[in-house]
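What follows is one structure encoded as structure tokens, with my remarks underneath.
FYI, it's all coordinate maths here, none of it is from the lab. Because the structure is predicted, anything quoted here is derived from the model rather than measured. Cβ atoms come from the backbone with ideal geometry, glycine included; neighbour counts cover every protein chain shown.
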Amino acid sequence: MRVYVPLTLPGLAEAHKTGELGAGPLVAYAVTPALREWYVSDDTEELEYAALGRAALASLRLLDADPDAPRKRVVVAVDVPDRMAAVGPERGPDPDAPGEVRVSGVVRLAKAAAVHVDAPEAETDVTAAARALAAADGGDDDAQAVVDGAEDHELLWFAPQEIASLLGSGV
């Protein structure tokens, strides 16, 4: 199963140093029955893109929790055996729940299929979106528009062998 693990650049640097995304359970996103229902599509590529988007939002939440991290969303796409990814209990109306899975066991960075990171020009919108999350979660429509503004930026795609240069370049 392909899962999308939300990180920050410091989290990616740590994974690069240790060779693993961590020993589970890790929160990740994948094409689950709840995501299929939420996104209402049968197109596998669209569903994978939706799971990537859920992980990007989770990365934004990690940025909100770590004010020292560079303001770039990071998502690692990795293939894990189906038995390692369990759909968590549904969290009712929680907007982050569709597609959320818990990945157990050690997830090696060497198994990554790709790394997705914001381009430098997204930094201003991502910074504003991280600041607006709490208000958006509280129902503030203007704050939600700011959060949605970050989603307007496509994440760049990097091959796993580009991680070292990605971390060194500050992208």
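When only C-alpha pairs under 8 Å and at least 6 residues apart count, what is the relative contact order of the chain, in percent? Before the final figure, lay out each step's value.
Working: 313 pairs, mean separation 47.3, N = 171.
Relative contact order for the chain comes out at 28 percent.
Is there a quick way to get the dipole size of the chain? I mean about its Cα centre, with the Cβ of Lys and Arg at +1 and of Asp and Glu at -1; what is the value in debye to the nearest 20? All intermediate terms of the calculation are to be shown ahead of the outcome.
Working: 14 positive and 30 negative charges, 192 e Å.
That gives the chain a dipole magnitude of about 920 debye.
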Item to check | Positive dipole terminus of the chain, leading residue within L9, W157, A134 (C-beta point charges) | outcome: L9
Checklist outcome for this item: Sequence order, the range 56-67: Karplus ³J(HN,Hα) from phi using 6.51 cos²θ - 1.76 cosθ + 1.60, θ = phi - 60°, Hz rounded, Gly and Pro as x, gives 5, 5, 5, 5, 4, 5, 5, 5, 4, 7, 10, x
Checklist outcome for this item: The answer for the net charge of residues other than L47 whose Cβ lies under 13 angstrom from its Cβ, with Lys and Arg +1 and Asp and Glu -1, is -3
Checklist entry - Stretch A65-R108 to full length: gain in nm at 0.36 nm per residue minus the Cα-Cα span? => result 13.0 nm
Item to check | the range 8-152 shape via C-alpha gyration tensor axes, a/c threshold 1.5 | outcome: oblate
